[in-house]
Amino acid sequence: MPSRKARSGKRWSMYPSFHDAVSQLLKENDLYFGFYETDDPRGCIQEYDTNIMGRFVCRNSNCGQKGWSSKMIAITIRLYYEDRYNARVYHQRCMTCNNLSQPILNESYAERVSYRIKKWNGIQMERPYYSGTSKGPHNTNLCEGCKDGHCSALGSHRVKPTI
């Protein structure tokens with residue numbers, strides 16, 4: 001049986017390459033925001049924990065797990081002064097070997113980030129419907145967002161109030 005020992009590695013990532021997709025969705029409401037490269041929770045004026053969907057691939061060549069999809073990838077969206085934002089996307093661990101894996105994201109990232117920015121800017125919208133249900137329970141031991149206290153599976157969405 002493979003070792004369950006945790007391997008070190010980065011527990012979350014940011015995806016500035018998705019900024020164009022977010023910008024296109026914001027542009028529909030005449031909103032223009034820049035991606036803020038510095039991930040500093042102390043400097044943000046709004047913060048919101050939610051989840052997105054995507055896939056993971058286990059990069060451990062000794063592991064038999066090829067990959068898995070998740071409808072519960074923890075994400076923290078932050079709003080900063082001067083119309084800037086960023087989003088921290090948490091990694092998950094392989095249930096077979098405990099190796100950390102960075103997600104491969106789909107369009108749900110841009111949809112969720114733009115939705116939250118629009119809400120923070122007072123745009124009235126219906127809550128979007130996200131299709132699909134999880135195939136199984138969310139494993140909090142494998143979710144780096146849960147370990148960091150930023151996963152919406154832990155209960156209600158955590159919100160940092162406006163300063």
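The values are calculated or read from the model by the stated rules, or taken from the named source; none is laboratory data. These numbers come from a predicted model, not from an experiment. Cβ: placed from backbone, ideal geometry, glycine included. Neighbour counts: every protein chain shown. Surface areas here come from the heavy atoms of the whole protein model, side chains and all, with no ligands, DNA or RNA. Shrake-Rupley method; radii C 1.70, N 1.55, O 1.52, S 1.80 Å.
Of note:
- Index of the failed condition, Asn51 passing every other in (1) open to solvent by 10 Å² or more (accessible area, probe 1.4 Å); (2) touching a His at 6+ places or on another chain (Cβ under 8 Å); (3) under 15 Å from Asn139 (Cβ atoms): (2)
- Qualifying positions in the stretch 81-95 - buried (at least 20 other Cβ atoms within 10 Å of the Cβ) and farther than 21 Å from Glu28 by Cβ: Arg88, Val89, Tyr90, His91, Gln92, Arg93, Cys94
- Qualifying residue in the stretch 50-59 (condition: more than 16 Å from the chain's Cα centre (by Cα), assigned to a loop (DSSP other than H, G, I, E, B), modelled with pLDDT under 95 and of a type outside the set (Lys, Arg)): yes
- Residue check for Asn98: open to solvent by less than 40 Å² (accessible area, probe 1.4 Å) and either outside any strand (DSSP E or B) or under 20 Å from Arg11 (Cα atoms) (or both): yes
- Entry remark, the stretch 104-122: residues being open to solvent by 30 Å² or more (accessible area, probe 1.4 Å), within 11 Å of Ile52 (Cβ to Cβ) and either in a loop (DSSP other than H, G, I, E, B) or of a type in the set (A, V, I, L, M, F, W, C) (or both) number 2 in total.
- Where a residue in the stretch 146-163 is among the polar types (S, T, N, Q) and its partner, wherever it lies, is modelled with pLDDT of 55 or more and in a helix (DSSP H, G or I), with Cβ under 9 Å and at least six apart: Ser152/Gly145; Thr162/Trp120
- Ser114 in contact with a helix residue (DSSP H, G or I) (Cβ under 7 Å, 6 or more places away or on another chain), in contact (Cβ under 8 Å) with a residue 40 or more places away in the chain and under 27 Å from Pro41 (Cα atoms): yes
- Search result, residues across the stretch 26-40 that are open to solvent by 50 Å² or more (accessible area, probe 1.4 Å), touching a residue at least 40 places away in the same chain (Cβ under 8 Å) and of a type outside the set (S, T, N, Q): Tyr32, Tyr36, Glu37
- Residue within the stretch 63-80 that is buried (at least 17 other Cβ atoms within 10 Å of the Cβ) and in contact with a Lys or Arg (Cβ under 6 Å, 6 or more places away or on another chain) present: yes
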